[in-house]
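> Once you've had a glance at the structure underneath, I'll fire off some questions.
The values are calculated or read from the model by the stated rules, or taken from the named source; none is laboratory data. Keep in mind the model is a prediction, meaning the values are calculated, not measured. All Cβ positions, glycine included, derive from the backbone under ideal geometry; neighbour counts span all protein chains shown. Surface areas here come from the heavy atoms of the whole protein model, side chains and all, with no ligands, DNA or RNA. Shrake-Rupley method; radii C 1.70, N 1.55, O 1.52, S 1.80 Å.
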Amino acid sequence: MVNSVPFGPTGMSVSVGDHICAFYRSSTGRDEILVPFLQVGLDRGDKCIAVLDQADPAKLRSQLETNTDPDTTDTDDQLAVMNSKDTYLKGGKFSKMAMLDFWESAVGDSVKEDKYPFARSVGEMTWALRQLPGVEDLLEYEAELNHFLLKYPQVVLCLYDLDQFDGRVVVDLLRTHPKILLCGTLLDNPYYLEPHEFLNRRAQIAT
Amino acid sequence: MTAETVVADDELRGQLSRLNALLVLSMLMTESTNEQQIISLGASAAPSFAACRLVGVFTHDGETTVWTPGDDEIIEAPPEILDLPSDGGAVEIAGSEWVWAYSLGGISTSIGHMVVAASQEIDQDGRFLLRVLAQQIGAAIRNSRLHQFERIAAAELASVNSQLESTVHALAQRIEIHDRLTLAAVSGEGMEGIANAVHDVTGLPVIIEDRFGNLRAWAGPGGAPSFSKDPPARREQLLRRLLREGQSTWESGRVMCVASPRPNSVGVIALIDPDRQARSEDLAALEYGATILSMELARLHTVADTAVRVRRDLVEDLLSGTGGTSAVQRGEAFQHDLNLPHRVVVFEGRGRTRDEDQFFTAVRRAARDFGLGSLLVARAGTVVLLTDRDVKWEDVQANVIRELAGGHCRIGVGGLTQVPDDFPTSHREALLSLNLINGKTGEHHVVAFDDLGVYRLLASTKDSREIEKFVTQWLGSLLEYDERRNSELVHTLYRYLECGGHYDETAGALLIHRSTLKYRLQRIREISQLSIGDADVNFNLQLACRAWGTLKALGSTGRS
């Protein structure tokens with residue numbers, strides 16, 4: 001198994017198991033990251049899972065299928081485009097355990113059955129701005145997600161709108177993600193905190 | 001590894017994690033061009049770097065001061081902020097034990113402060129991170145302002161460039177218009193050329209009119225446009241308005257411009273534009289066309305004035321006998337072969353008013369109508385014409401009267417010239433004929449020297465002394481009486497004899513009563529001691545009277 005896979009945006013590569021936090025401004029900036037990330041996955045034969053909040057799922061699927069060869073790619077199965085209401089906020093609340101189970105099912109089932117050698121997932125995180133139960137567990141969820149990433153050959157991309165998230169959340173995200181994508185540059189974060197570290201420090205600061 | 005080492009490593013890792021986050025946050029802030037976004041993103045991150053809360057951010061840009069509160073608890077800036085040194089310091093806020101204002105930027109480049117509060121003084125690492133955060137916020141804001149300034153400068157530059165481009169384009173168009181119209185002016189194409197050039201440039205039909213509204217030239221698709229002429233008074237009113245405004249003016253579906261190089265020279269150039277499609281550059285082309293038209297009108301008037309002057313000089317030289325060979329050559333310029341036999345014809349008269357220009361114009365038009373040429377000048381109350389054509393001069397005289405719409409006109413026609421040097425002689429003959437008309441009855445308006453009979457013989461005599469002796473012999477006593485008594489006995493005798501001795505006709509010609517005539521004739525008989533009824537005496541008296549009249553006419557022509 002290879003350790004490096006093409007990322008998509010700006011022609012970069014990422015390592016298997018990377019959890020990437022991408023910051024953008026405006027829907028155009030978002031699509032400039034989202035579309036190439038999935039397009040490369042479709043072209044490579046990866047399982048592609050997109051959970052959208054403000055982007056239009058049908059429009060994204062249409063856009064990706066336009067650039068995909070129908071003879072070699074069965075996008076109906078390879079590409080899963082879902083809505084945050086049916087995933088992150090299923091039942092009108094956020095549950096980090098339920099969401100981790102979702103990923104286990106969505107990614108695990110695809111990879112374990114050898115249907116796909118690799119999975120790439122992307123989540124549009126603006127759902128976390130809604131005042132709904134469980135949303136305050138976002139950073140804990142992001143920290144826990146690092147553990148899940150080690151289980152399967154995969155990468156996960158989290159999309160954050162800088163115009164909507166405040167600096168405190170942004171700093172916490174920067175501290176919990178091993179890789180950061182901003183301004184078209186992929187930055188390594190050697191000092192990112194492991195989930196248990198971050199959660200402990202957060203508890204300390206709170207006290 | 002001891003427990004202390006583990007704790008130290010853990011602390012170090014935590015600090016490095018925050019530093020790394022601060023570094024990336026700085027990159028995100030620097031990437032933003034919106035000052036409020038920078039403050040919102042950067043300042044709201046303060047609690048992530050130390051156990052504190054954000055009170056607010058105070059910024060100034062040299063003109064305005066802005067306070068951005070951190071939360072809803074404090075909505076007004078602490079007053080001490082304004083008095084703080086640029087590197088910041090402690091601030092008093094009720095309810096908070098420790099409040100600190102961090103400078104946004106360096107000491108000399110501070111653009112405000114970030115104020116944070118905590119329930120107790122935060123540790124050194126936390127204070128360091130907050131100071132760096134504030135500095136990075138200041139750097140990002142300065143960068144944003146610089147970027148904004150450059151963007152405005154670039155926009156202004158683009159605007160200036162756009163205006164410059166428009167100006168250059170307009171200038172290029174004007175140069176093209178000037179080039180095209182100047183070419184029309186110098187190519188000698190006249191008014192047609194000017195109309196064509198303005199039409200080429202504007203794409204609109206063009207007309208050129210004289211001051212009376214007569215079409216002089218046009219250019220455009222289809223046939224010549226026809227417009228009903230305004231009444232003279234209205235036309236003059238329009239021209240005065242155009243001259244007063246001095247620029248193109250819309251009038252009755254046309255945009256008009258007046259050309260007037262001198263007060264008595266006026267032309268109008270106009271675009272036919274009922275839908276008002278003319279652009280500003282079209283109007284500029286029209287106005288420049290008016291300038292070129294002014295030049296053309298001035299040129300035409302100069303040419304006309306020069307032609308009149310040269311023609312007058314030529315005629316004067318011929319009449320004074322000083323023309324010589326050059327006169328013949330100058331005559332050729334007017335398409336006159338002066339070597340052909342010519343006559344000098346003198347017109348005398350006036351219209352209902354004493355307007356010499358009106359009389360000259362009437363004679364010139366009559367000469368044109370009868371094809372008599374254009375060698376004519378006004379001279380000493382008469383108009384002198386040199387022509388190589390013979391016509392029925394009574395018709396010419398009638399034509400002049402018609403032109404004058406009344407008044408009177410007498411014509412003296414000189415004899416034919418054989419060479420140009422004969423013009424003075426023909427002129428004298430014409431004057432003699434004209435003067436003899438005055439001695440005839442009112443029915444005679446045209447006298448040709450060739451038809452003068454004995455007058456011609458008398459006038460042609462080189463030495464008049466014998467004639468004078470003859471006149472004195474037969475009329476001396478009467479002339480002496482007339483001079484002494486201021487009477488008109490000689491003139492009465494002359495009329496009586498010319499009328500063949502008819503009383504009524506003579507009295508009518510002299511405008512006197514028949515009995516007065518009889519009395520005068522009786523006095524003539526008594527003074528002259530002559531029998532008028534005697535055929536021989538009658539002949540000699542009539543000849544003497546005609547000689548007297550000829551001498552008098554010659555005296556009027558300047559010949560002694």
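> Based on the Cα atoms of segment B:175-305, what semi-axes does the equivalent ellipsoid have, where each is the square root of 5 times one gyration tensor eigenvalue, given in whole Å with the largest first?
On the way: eigenvalues 75, 70, 37 Å².
The three semi-axes for segment B:175-305 are 19, 19, 14 Å.
> So how compact is segment B:449-521: Cα radius of gyration and Dmax in angstrom?
Answer for segment B:449-521, Rg first and Dmax second: 14.4, 41 Å.
> About its Cα centre, what dipole magnitude does the protein assembly as shown give when the only charges are +1 on Lys and Arg Cβ and -1 on Asp and Glu Cβ, stated in debye to the nearest 20?
So the magnitude is around 6380 debye.
> Distances over 11 Å make up what percent of all Cα-Cα pairs in segment A:23-62?
68 percent
> If you don't mind, another one. Per the Kirkwood formula on distinct C-alpha pairs, the Rh of segment B:232-308 is how many angstrom? Working shown, then result.
Working: mean 1/r = 0.0762 Å⁻¹.
The answer is 13.1 Å.
> Output wanted: per-residue J couplings in Hz (rounded whole) for segment A:35-44, from phi through Karplus 6.51 cos²θ - 1.76 cosθ + 1.60, θ = phi - 60°, x for Gly and Pro.
5, x, 4, 7, 4, 4, x, 5, 5, 7
> Related question: In peptide A:158-168, what is the residue-averaged number of other protein chain Cβ atoms found within 10 Å of each Cβ?
4
> A follow-up question, please. Can you give the Kirkwood hydrodynamic radius of segment B:38-106 from its Cα pairs, in Å with one decimal?
It works out to 12.8 Å.
> What trypsin sites (Lys or Arg not before Pro) in segment A:1-97 are in a loop by DSSP, with at most 14 other Cβ atoms within 10 Å of the Cβ?
Within segment A:1-97, the qualifying trypsin sites (Lys or Arg not before Pro) (loop, at most 14 other Cβ atoms within 10 Å) are A:93.
> Relative to the compact-globule scaling 2.2 N^0.38 Å, provide the ratio for the alpha-carbon radius of gyration of the protein assembly as shown.
Output field value: 2.14.
> Looking at segment B:162-241, which trypsin sites (Lys or Arg not before Pro) are DSSP coil and have at most 15 other C-beta atoms within 10 Å of their C-beta?
Hits after loop and neighbour filter: B:229.
> Sticking with this one: Can you give the local net charge around residue A:146? Use residues other than it whose beta-carbon is closer than 13 angstrom to its beta-carbon, Lys and Arg +1, Asp and Glu -1. Could the numbers behind the result be given before it?
On the way: positive: A:96, A:151, A:175, A:179; negative: A:18, A:140, A:142, A:144, A:194, A:197.
Cβ neighbours under 13 Å give a net charge of -2.
> Over segment B:109-243, consider all pairs of different Cα atoms and compute the Kirkwood hydrodynamic radius from their mean reciprocal separation; express it in Å, one decimal.
With all distinct Cα pairs of segment B:109-243 included, I get 22.2 Å.
> Quick one: accessible area per residue over segment B:243-294, 1.4 Å probe, rounded to a whole number of Å²? Could you put the intermediate results ahead of the total?
On the way: 2310 Å² over 52 residues.
Result: 44 Å² per residue.
> Please report, in whole Å³, the volume per residue of the convex hull around the C-alpha atoms of segment A:41-165.
107 Å³
> Report, to the nearest whole %, how much of the accessible area of segment B:192-297 belongs to carbon and sulfur atoms, 1.4 Å probe, protein only.
Numbers: 2430 of 5080 Å².
Its accessible area is 48 percent carbon and sulfur atoms.
> If the viscosity is 1.306 mPa s and the temperature 10 °C, what Stokes-Einstein diffusion coefficient in µm²/s follows for segment A:1-52 when Rh is the Kirkwood radius over Cα pairs?
Rounded, D is 135 µm²/s.
> Considering the dipole of chain A built from charges on the beta carbon (Lys and Arg +1, Asp and Glu -1) around the Cα centre, which of A:117, A:150, A:167 is farthest to its positive end?
Of the listed residues, the answer is A:167.
> Could you give the accessible area per residue of segment B:328-439, probe 1.4 Å, as a whole number in Å²?
Each residue of segment B:328-439 exposes 46 Å² on average to a 1.4 Å probe.
> Using a probe radius of 1.4 Å on protein heavy atoms only, what is the accessible area buried between chains A and B, both sides summed, to the nearest 100 Å²?
Summed over both sides, the interface buries about 2200 Å².
> Same structure again: Would you report the distance distribution of C-alpha pairs in segment A:10-82 as whole percents per 5 angstrom bin, up to the bin with the largest distance?
3, 13, 28, 26, 19, 10, 1, 0
> Also, quick follow-up: So what does log10 I(q)/I(0) come out to for segment A:91-207 at q = 0.14, 0.17, 0.21, 0.22 Å⁻¹, using the Debye formula with one equal point on every Cα and no solvent?
Log10 of I(q)/I(0), two decimals: -0.64, -0.95, -1.38, -1.47.
> Pairing the Cα long axis of helix B:535-557 with the longest principal axis of chain B, what angle in degrees results, from 0 to 90 and rounded to the nearest 10?
Long axis of B:535-557 versus the principal axis of chain B: about 20 degrees.
> What list of whole percents do you get for P(r) of segment B:86-152, with Cα-Cα distances grouped in 5 Å bins up to the one holding the largest distance?
4, 18, 23, 20, 15, 9, 5, 4, 2, 0
> Only four residue types carry charge here, +1 at the Cβ of Lys and Arg and -1 at the Cβ of Asp and Glu. Report the dipole size of segment B:294-345 about the Cα centre in Debye, rounded to the nearest 20.
Details: 6 positive and 7 negative charges, 16 e Å.
With Lys and Arg at +1 and Asp and Glu at -1, about 80 debye.
> At a 1.4 Å probe, what is the % contribution of carbon and sulfur to the accessible area of segment A:48-120?
46 percent
> Find how many whole Å separate the alpha carbon centroid of segment B:473-492 from the alpha carbon centroid of segment A:121-136.
Rounded to whole Å, the Cα centres lie 144 Å apart.
> Of the peptides A:64-76, B:259-271, how do they stack up when ordered by the mean number of other Cβ atoms within 10 Å, highest first? Could the numbers behind the result be given before it?
Details: A:64-76: 11.8, B:259-271: 19.9.
Top to bottom by mean Cβ count within 10 Å: B:259-271, A:64-76.
> Per q in 0.15, 0.18, 0.20 Å⁻¹, report the Debye log10 I(q)/I(0) for segment B:274-422, using one uniform scatterer on each alpha carbon and no solvent.
-0.79, -1.03, -1.21
> Among rounded, prolate and oblate, which fits segment B:476-560 when a ≥ b ≥ c are the square roots of the eigenvalues of its C-alpha gyration tensor, a/c under 1.5 means rounded, and a/b larger than b/c means prolate?
Taking the square roots of the gyration eigenvalues as a ≥ b ≥ c, segment B:476-560 is rounded.
> With the convex hull built on the Cα atoms of segment B:3-43, state its orientation-averaged projected area in nm².
Convex hull of Cα atoms, orientation-averaged projection: 2.9 nm².
> Taking the convex hull of the alpha carbon atoms in segment B:422-548, what volume per residue do you get, in Å³?
Hull volume over Cα atoms, normalised by residue count, gives 117 Å³.
> Quick check: the distance between the Cα centres of segment A:52-88 and segment B:384-403, to the nearest angstrom?
Taking the Cα centre of each part, segment A:52-88 and segment B:384-403 sit 108 Å apart.
> HN-Hα J couplings of segment A:102-113 from phi, Karplus 6.51/-1.76/1.60, θ = phi - 60°, integer Hz, Gly and Pro as x?
With the stated coefficients, segment A:102-113 comes to 4, 5, 4, 6, 5, 7, x, 4, 6, 7, 5, 7 Hz.
> Could you give the alpha-carbon Rg of chain B over 2.2 N^0.38 Å, rounded to two decimals?
Details: Rg = 53.8 Å, N = 560, 2.2 N^0.38 = 24.4 Å.
Against the empirical 2.2 N^0.38 Å value, I get 2.21 for chain B.
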